[in-house]
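The block underneath contains the structure these notes are about, expressed in structure tokens.
The numbers here are math on the coordinates, done by the rules we state, and not lab data. Given the structure is predicted, the values throughout are model-derived calculations rather than measurements. Quick reminder, even Gly has a Cβ in these numbers, built from the backbone with ideal geometry, and neighbours come from all protein chains shown.
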Amino acid sequence: MNRRAWVAFAALSLIWGVPYLFIKVAVDGGISPLFLSWARIVLGAGLLFALVPGPTIEMFRSGPRRWILAYAVAEMVVPFPLISFGEKHVDSSVAAILIATVPLLIALLALRFDHTERPTRTRLIGMLIGLVGVAALVGIDLSTDVSQLVGAAAILVAAFGYAVGPMLMKRHLVGYDPRAAMAASLGVAALVLTPAGLLTIPGSVPDADALASVIVLGILCTATAFVILMVLVAEVGAGRASVITYVNPVVAVALGVAILGESPGAGAIAGLLLILAGSWLATDGRLPPGPTAIVTRLRGRAAPGETEPSLIR
């Protein structure tokens, strides 16, 4: 991966390790999964539309409207409520770990739908190692309680949506302004979820932590994160971009332990180590360039009066 891809990868790995904490805080604070999903999408859509109103309107007028709808359903309308529902029954760290199955699901879907995403031997070994890590985390630490299994199943269905979404994005949305494409997708998702969101408005004002969680989820984990995701998919493809879901659980488990008092067991520790190893191999075993190397490249590439392109085109 090039420098631009590594920056996007690192940013998204951190940002999408955070939402599981805030989803847990919000649903435990009395916000329903449907209303939470709708509210974060509305916030994200509003922010991006305010930034690029013209290109967003143009996306609705002349963009691939049916694929915007398909992407919105696969990546937002279905997964967001299912993950929020699942976190009413399982720990935030477990939710993040289950989502780490996304790269394997993409690899399986690619066998039929996208030959360019078929993994190399090294990447496949990395994905499988990461999956073993997921199994260690879930199989050893997840109890056989029925409600937990139902929550875990809902999150796995969401993971399938997260596998389909980047593949649709790569085939039909890459090439458009990332901010406008995501604003349009979030706008469509907001419209689809509006009836459910309005029917599940909380009966009383949620506590401050729950409200703050909705704001963080909307601005950081939705609007900002999806723009970066589109940049990353454009650079490295859906399969390799999805490897962030092997890193996200590391962040999510750390936050769950430090802030929510969750107690992952020995399986979690072993699983995290395997996930890190799998993530490295699934990106072809290459490390990001260090700061010195980046500065050297910038000086060598940039001609007088020119600057390196920013992360967002």
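Numbers below:
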{"item": "Added length on full extension, which subtracts the Cα-Cα distance from 0.36 nm per residue, Leu149 to Thr120", "result": "7.1 nm"}
{"item": "Mean shadow area of segment 67-191, taken as a quarter of the surface of its Cα convex hull (nm²)", "result": "8.4"}
{"item": "Modelled FRET efficiency - R0 51 Å, Ala135 with Ala208, Cβ distances, 0.05 increments", "result": "0.85"}
{"item": "Electrostatic dipole magnitude of segment 12-122 [Cβ: Lys, Arg +1; Asp, Glu -1; Cα centre; debye, to 20]", "result": "280"}
{"item": "Rel. contact order, % - alpha carbon contacts under 8 angstrom, at least six apart, segment 152-242", "result": "55"}
{"item": "Stokes-Einstein D (µm²/s) once Rh is taken as the Kirkwood radius of segment 75-131 over alpha-carbon pairs, at 10 °C in 1.306 mPa s", "result": "124"}
{"item": "Trypsin sites (Lys or Arg not before Pro) lying in DSSP loop within segment 1-110, provided at most 16 other Cβ fall within 10 Å", "result": "Lys88"}
{"item": "Cα gyration tensor shape of segment 1-156, rounded if a/c is under 1.5, else prolate or oblate by comparing a/b with b/c", "result": "oblate"}
{"item": "Kirkwood hydrodynamic radius of segment 54-102, from inverse mean 1/r over distinct Cα pairs, in Å", "result": "12.8"}
{"item": "Nitroxide proxy distance, nm - points 7 Å out along Cα→Cβ at Ala10 and Thr194", "result": "4.1"}
